[in-house]
Amino acid sequence: TLLKDYSPLNLTEEGKQYLDQTGFIQVFNDHRQAFLEVIEHEKPNTKYDVENLAVKSVFLNADADFMQPVKEFLYNHPKDNLPALAKVASVIIRDAYLAAHPEITA
């Protein structure tokens with residue numbers, strides 16, 4: 001219920017609310033470049049590459065101090081976990097990267 005399951009993946013209203021509750025929206029707004037640099041470093045050629053790298057960017061930044069609010073949320077909500085959060089959060093990261101790179105069309 002957090003993602004619309006068709007290509008490309010999109011957030012549902014519940015997905016947007018979830019990311020807001022976890023604190024990820026604010027974290028991303030404040031530290032966008034840290035996530036986008038992970039993707040940029042890999043020099044993606046396709047939207048699929050960007051989508052997968054967006055997930056990776058959440059994992060690679062998981063230990064950063066700025067992720068503290070998200071980690072607190074996950075700790076206090078044991079049914080939630082980082083892999084699930086990363087999949088949902090990757091949608092906004094992917095969209096931000098693709099908006100900045102219109103040359104990626106495939």
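Starting from the amide H of Leu11, placed 1.01 Å from N in the peptide plane, find each other amide H under 5 Å away whose residue is 5 or more places distant or on another chain.
For Leu11, the qualifying residues are Lys4.
Could you work out what % of the accessible surface of the chain is carbon and sulfur, using a 1.4 angstrom probe and leaving DNA, RNA and ligands out of the count? Intermediate results must be reported in sequence, preceding the final value.
On the way: 3250 of 6330 Å².
Of the solvent-accessible surface of the chain, carbon and sulfur hold 51 percent.
So how much slack lies between Asp95 and Glu42, counting 0.36 nm per residue of separation and subtracting their Cα-Cα distance, in nm? Mind dumping the intermediate values first?
Details: separation 53, 0.36 × 53 = 19.08 nm, distance 1.66 nm.
That pair, Asp95 and Glu42, stretches by 17.4 nm at full extension.
So how strong a dipole does the chain carry about its Cα centre when Lys and Arg Cβ are +1 and Asp and Glu Cβ are -1, to the nearest 20 debye? Show your work: numbers first, answer last.
Details: 10 positive and 16 negative charges, 39 e Å.
Rounded to the nearest 20 debye, it is 180 debye.
Find the relative contact order for the chain and round it to a whole percent, using C-alpha pairs within less than 8 Å whose residues are 6+ positions apart.
On the way: 105 pairs, mean separation 34.4, N = 106.
32 percent.
Quick check: net charge around Val55, other residues with Cβ under 10 Å of its Cβ, Lys/Arg +1 and Asp/Glu -1? Mind showing how you got there, number by number?
Numbers: positive: Lys56, Lys87, Arg94; negative: Glu51.
It works out to a net charge of +2.
Label-point separation (nm) for Asp49 and Thr12, each offset 7 Å from Cα along Cα-to-Cβ?
Modelled inter-label distance: 3.3 nm.
Return one whole number: the accessible area per residue of segment 31-78 in Å², for a 1.4 Å probe. Please report the intermediate quantities before stating the final value.
Numbers: 3050 Å² over 48 residues.
Dividing the accessible area of segment 31-78 by its residue count gives 64 Å².
Pairs of lysine in the chain with Cα under 24 Å and at least 8 positions apart or on different chains: total?
Pairs that pass both the separation and distance tests number 20.
The values are calculated or read from the model by the stated rules, or taken from the named source; none is laboratory data. These figures come from a predicted structure and were not determined experimentally. All Cβ positions, even for glycine, are placed from backbone atoms using ideal geometry, and neighbour counts span all protein chains on display. Surface accessibility is based on the protein's heavy atoms, side chains included, excluding ligands, DNA and RNA. Shrake-Rupley method; radii C 1.70, N 1.55, O 1.52, S 1.80 Å.
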